[in-house]
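Okay, so here's the structure we're looking at.
Readers should treat all values here as calculations from the given coordinates under stated rules, not as data from a laboratory. Owing to the predicted nature of the structure, the values given are computational and were not obtained by experimental measurement. Neighbour counts run over all protein chains shown; Cβ positions are idealised from the backbone, glycine included.
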Amino acid sequence: MSTIQHLNVDQVELQKFADLAHEWWDTAGRCRPLHDLNPTRLNFIKSRVSLTNKDILDLGCGGGILSESLAKEGAQVTAIDMSKDVLNAAKLHKLESQLDINYQHISAEELAKQSPGKFEIITCMEMLEHVPDPLSILHACKTLLKPGGHLFISTMNRTVKSYVLGVIAAEYILQLLPKGTHDHQQFIRPDELADWCRQLCLKIRHMGGVHYNPFTHKAKLHHDVSINYIAHITEDEL
């Protein structure tokens, strides 16, 4: 494990997820929405690219929910996170699932220095809104991608609707998530993401909203991107 020189992390944010580490794989607990959303995210990715035998980086992997799904699809998965606690939860569950996943405690920026151009696909789910410098993460992703590679990002839109439903309702009324999980000011509008992509000569190829019903615990892709959305990004020249 390398010495990390650049820490694009918020220690308060890390602690929020560390506090959930012991129940990450409890599908009926506070992490249930992560499990409910995972099939929709996976299906979006599979609709855009083939996963079999692909070198994939799951950036901000948490306890490994998506990482395991990608591995089950036949991908060669490297998964990184800056929380040792959630990585330990991921590694413990890997012993049970017996999947071959390379979990690492390393920043995206440091991995980009070590392994430029290594990955055919990078996934970054619900992570950009939790770091101080999202553009730095995107720059690292571009460096880590092989030529012709694919980047998938999901995040929260910064709208009144996302504040009312994604923060107030989800955290304080329905208590789907622990209070304080999200900082609405850190949410990212699609136009902001598109602008960052242009700065890095990347292009959003497809974007869809992700609609989650807290009563049925079902998620689906939707045209409405006002709360949560997922994007497929490639180099601009493709």
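Worth a mention:
- Extension gain for ASP19 to ASP100 (0.36 nm times residue separation, less C-alpha to C-alpha distance): 26.6 nm.
- Positive end of the dipole of the range 11-235 (Cβ unit charges, origin at the Cα centre): among GLY117, HIS222, VAL12, the Cα lying farthest that way belongs to HIS222.
- Percent RCO, i.e. relative contact order, over the chain, from Cα pairs under 8 Å lying at least 6 residues apart: 19 percent
- Cβ-based exposure ranking for ILE188, ILE80, in which fewest neighbours within 10 Å come first: ILE188, ILE80
- Net charge over other residues, Cβ less than 9 angstrom from the Cβ of PHE17 (K, R count +1; D, E count -1): -3
- Prolate/oblate/rounded call for the range 75-188, Cα gyration tensor, a/c under 1.5 rounded: oblate
- Sparse packing (at most 16 other Cβ atoms within 10 Å of the Cβ) combined with a DSSP loop state is found for the following trypsin sites (Lys or Arg not before Pro) in the range 151-189: LYS179.
- Ellipticity estimate at 222 nm from DSSP helix runs (n ≥ 4, -39,500 (n - 2.57)) divided over the chain, nearest 500: -9500 deg cm²/dmol
- Exposure proxy ranking for PHE17, PHE152, based on other Cβ atoms within 10 angstrom of each Cβ and starting from the fewest, stands as PHE17, PHE152.
- Read-out semi-axes √(5λ) of the Cα gyration tensor in Å, derived from the coordinates shown; its label in [x] 32, 24, 18; [y] 24, 21, 18; [z] 30, 19, 18: [y]
- Taking the DSSP beta bridges with both ends in the chain, the antiparallel portion is around 50 percent.
- Rounded to the nearest 20 debye, the dipole magnitude of the chain is 500 debye, with +1 charges on Lys and Arg beta carbons, -1 on Asp and Glu beta carbons, and the Cα centre as origin.
- Residue order, fewest to most beta carbons within 10 Å, for SER67, SER107: SER107, SER67
- In this structure, ARG205 and ASP133 have a Cβ-Cβ separation that, at R0 = 22 Å, corresponds to a calculated FRET efficiency of about 0.35.
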